[in-house]
Amino acid sequence: MGDIILTLQDKTLTLTLKGNFIDFEDGKLYQNIAGYLPENIIINGLEINKWDSSLLLILFNLNKYANENNIKIENLYMPQGLIKMLKLALVVPEHINRETMPANESILEKIGGFGLNVWQNTLKGTIFMMTCFKSLWLFIRRKSSARKTDFLFAFEECGPNAMSIVALISFMVGLILAFVGAIQLKNFGAQVFVADLVTIGTIRIMGAIMVGIIMAGRTGASFAATIGSMQVNEEIDALKTMGISWAEFLVAPRMASLVIAMPFLTMWADFFGISGGAFVGILALDIPATEYFNHAFNAWSMKNFWVGIFHGFIFGFIISLCGCYYGINSSKNADGVGIATTKAVVSSVVWLIVATGIITFVFERLGI
Amino acid sequence: MKSKIAAKNMDIGYEKKVIIKNATFEVNNNDIFIIMGASGCGKSTMLKVLTGLMPPLKGNFYIDDIDYIKADEQTKLEIMKKVGVLYQSGGLFSSMTLAENVALPLQKYSSYSKKAIDDLVSLKLALVGLDGYNDYYPSQISGGMKKRAGLARALALDPEIVYFDEPSAGLDPLSSARLDNLMQDINQNLKTTLVVVTHELSSIFAIGTNSIFLDAKTKTVKARGNPAQILKNPPNEDVYNFLTRGKYDEKRAE
Ligand SMILES: Nc1ncnc2c1ncn2[C@@H]1O[C@H](COP(=O)(O)OP(=O)(O)OP(=O)(O)O)[C@@H](O)[C@H]1O
Ligand SMILES: [Mg+2]
């Protein structure tokens, strides 16, 4: 183990280093040195046996410490390699962009900055939305530069390829709804109303919400990741310099395909949700099939059905906008794409719920 | 002579951070114009400004004597049609084949028939030595081939100016020399003005006819002119060191 021996003579502090300095640490070194109030420091390395970066670090810090406190420092009899590495480390960096370092901010500045940020993001999001809606309009009128294959490809992803997972999840949710409902309704001897509960719940809201959450995790994430990687790959830059609008080329076909697919997926989910309920009602709760379907049929209302479809339609906009927004604004590295994907999913789900709240409130007021 | 590109008192940078101050330079018609400088000095940023991806913080630049900054959207589009860009990673659209990539600007801006576009695409790909790779996807070809495919796309509309961001980065010496030759051929035979960001010394001297040197320390344009002339008459030690790699190696040898 190494040893650092301190001796003071006429304000000159000599540090004699002895032995093996491997994984060496000396927590009190600076305290001890400062206690001597030296004007000169001499480091004597004659008796160093073995050393590694831990010693280099100590020498580096000592030299910096001395330079900052106007203490003259000499490194004597150091092993060749050590002194070379030390010199390399002590070279003054050529230029540091000091103004790039964020200054310490006061709380007031932070609050102001936050407010400004919220305002700028709102503005940015609004402009983004307007641009996308305009592109979608051009796309519908077949006046955009989007490629048909992109649309078909995106539609296959959003539609047919999502059907199995949507079917599975909505069937399970229908099942759970029926079970949970049955436990409560049993107390009133009204188990047969499980059919009403499942039907109304699924077609009015649960079907659409389940599809929304599945598609946010599936398609919204994939939009953000694809567009984010395009950002990394300089594809978006290339589009811009070619004068091709990314909104027309990338966002519109994706938005169109998801907005078209969502209402159909919602119907699909409705069907499987009700089937899940029937499965439990008939097989587990022993409600006769005719009675179950009779109740389900009575509970069915076209109005509720359309409300559910409307939710799906709106969710299509929300998910595709969130996915594309974070993809386009992804920073140009792998990390950025990961963050963009996460943000796309989280914000999609949040906006889904917010939108549901708003729609429910408005419809309730309108008496729908 | 009228200049092809002219920058006047341009400050470039990000938000509040200025990276190059007061840049003024001219690119003449048919130049191979090199933008050089140490890592992080702002070469790519300069390219982003010149290709219209971000505005300068201050000042303007002119393409064919038209003020790009003040131009309306339509004029900007007209100007950018005269410009091709080869990105560092090629910037090819990964969901499209090479042929579809090259065809895209033609479909957007030209009135050729589908057949003519197909033929033109094959021609452009053949020009960069990628004859027969029409149906390959970018993920199926090598880095050097991606650069050449990117160049074919940049050349699709017979641009008057082509920008290159570090064309030789990641290429072996032979491929990089071949790309240099290709660039020279394009410059001489198609009368295209090339603006090249690079720190490859061999390329700088082999193909550069004009240049600027960006300096991170002073944040200014430190030198301008023919690279060989600059080397003969270096304005300061940094530029000399950059162009020779010499000083630093000598210091080490001490
Ligand atoms: N998106 C950005 N936001 C803020 N600062 C940036 C951004 N991109 C680059 N910079 C900064 O701008 C400066 C110049 O970067 P630039 O990429 O233009 O350098 P460069 O000359 O191309 O370097 P290299 O030769 O390494 O590619 C750097 O200090 C960098 O930190
Ligand atoms: Mg760069």
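Here the calculated FRET efficiency for A:N40 and A:N67, from their Cβ-Cβ distance with R0 = 22 Å, stands at 0.95, rounded to the nearest 0.05.
Whole-Hz Karplus values for the stretch B:37-52 come out as x, 5, 4, x, 7, x, 5, 5, 4, 4, 5, 4, 5, 5, 9, x Hz, taken residue by residue from phi with 6.51 cos²θ - 1.76 cosθ + 1.60 and θ = phi - 60°; glycine and proline positions read x. Listed values for the stretch A:206-221 are Karplus-derived 3J(HN,Hα) couplings in whole Hz (6.51 cos²θ - 1.76 cosθ + 1.60, θ = phi - 60°), namely 4, x, 5, 5, 4, 4, x, 5, 4, 6, 4, x, 8, 8, x, 4, and x replaces Gly and Pro.
What share of Cα pairs, in percent, lie more than 31 angstrom apart in the stretch A:131-366? That fraction is 31 percent. Loop sites here are trypsin sites (Lys or Arg not before Pro) outside DSSP states H, G, I, E and B with no more than 15 other Cβ atoms within 10 Å. The longest part of chain A free of them is A:144-331. At 222 nm, what value in deg cm²/dmol follows for chain B if DSSP H runs of at least 4 each add -39500 (n - 2.57) and the sum is divided by all its residues, to the nearest 500? The helix contribution divided over chain B gives -11500 deg cm²/dmol. For the stretch B:72-89, accessible area lost to neighbouring protein chains reaches 40 Å² or more, against the chain alone with a 1.4 Å probe, at B:Y87, B:S89. Residues in the stretch B:185-194 carry Karplus couplings, in order, of 4, 4, 4, 7, 8, 9, 6, 8, 7, 10 Hz; the curve used is 6.51 cos²θ - 1.76 cosθ + 1.60 with θ = phi - 60°, and Gly or Pro positions show x. With the convex hull drawn around the C-alpha atoms of the protein assembly as shown, the volume per residue stands at 267 Å³.
Pairs exceeding a 28 Å alpha-carbon distance, out of B:K21/B:K76; A:K134/B:K58; B:K43/B:K147: A:K134/B:K58.
Within the same chain, lysines fewer than 8 places from B:K2 are excluded, and of the rest, those with a Cα less than 19 Å from its Cα are B:K82, B:K191. Chain B contacts chain A over a buried accessible area of about 2100 Å², both sides summed; the probe is 1.4 Å and only protein chains count.
Its relative contact order, with pairs defined as Cα atoms under 8 Å and 6+ residues apart, puts chain B at 25 percent.
I'd like to compare B:118-131, B:19-32: which one has the highest average count of other Cβ atoms within 10 Å, and what's the full order after that? Before the final figure, lay out the partial values.
On the way: B:118-131: 17.6, B:19-32: 19.6.
Highest mean packing first, the order is B:19-32, B:118-131.
Spin-label model, A:I165/A:K11: points 7 Å from Cα along the beta carbon direction are separated by 7.4 nm.
For the stretch A:152-224, what's the relative contact order in percent, using C-alpha pairs closer than 8 Å and at least 6 residues apart? Provide the component values of the computation, followed by the final result.
Details: 25 pairs, mean separation 28.5, N = 73.
Normalised by residue count, the contact order of the stretch A:152-224 is 39 percent.
Here the relative contact order of chain A, from alpha carbon pairs under 8 Å that lie six or more residues apart, stands at 18 percent. Model label points for B:K191 and B:D118, set 7 angstrom from Cα along the Cα-to-Cβ axis, are 3.3 nm apart.
Of all beta bridges DSSP finds with both residues in the protein assembly as shown, what is the antiparallel percent, to the nearest 5? Of the beta bridges lying entirely in the protein assembly as shown, close to 45 percent run antiparallel. Taken residue by residue and averaged, Cβ atoms of other chains lying within 10 Å of the Cβ of B:91-97 number 6. Split the accessible area of the stretch B:121-162 by element, probe 1.4 Å, and carbon with sulfur accounts for 46%. Excluding ligands, DNA and RNA, the accessible surface per residue across the stretch A:272-319 is 48 Å² with a 1.4 Å probe.
The values are calculated or read from the model by the stated rules, or taken from the named source; none is laboratory data. All figures in this text were calculated on a predicted structure; none of them were measured in a lab. Neighbour counts run over all protein chains shown; Cβ positions are idealised from the backbone, glycine included. Accessible surface is based on the protein model in full, side chains and every heavy atom, while ligands, DNA and RNA are left aside. Shrake-Rupley method; radii C 1.70, N 1.55, O 1.52, S 1.80 Å.
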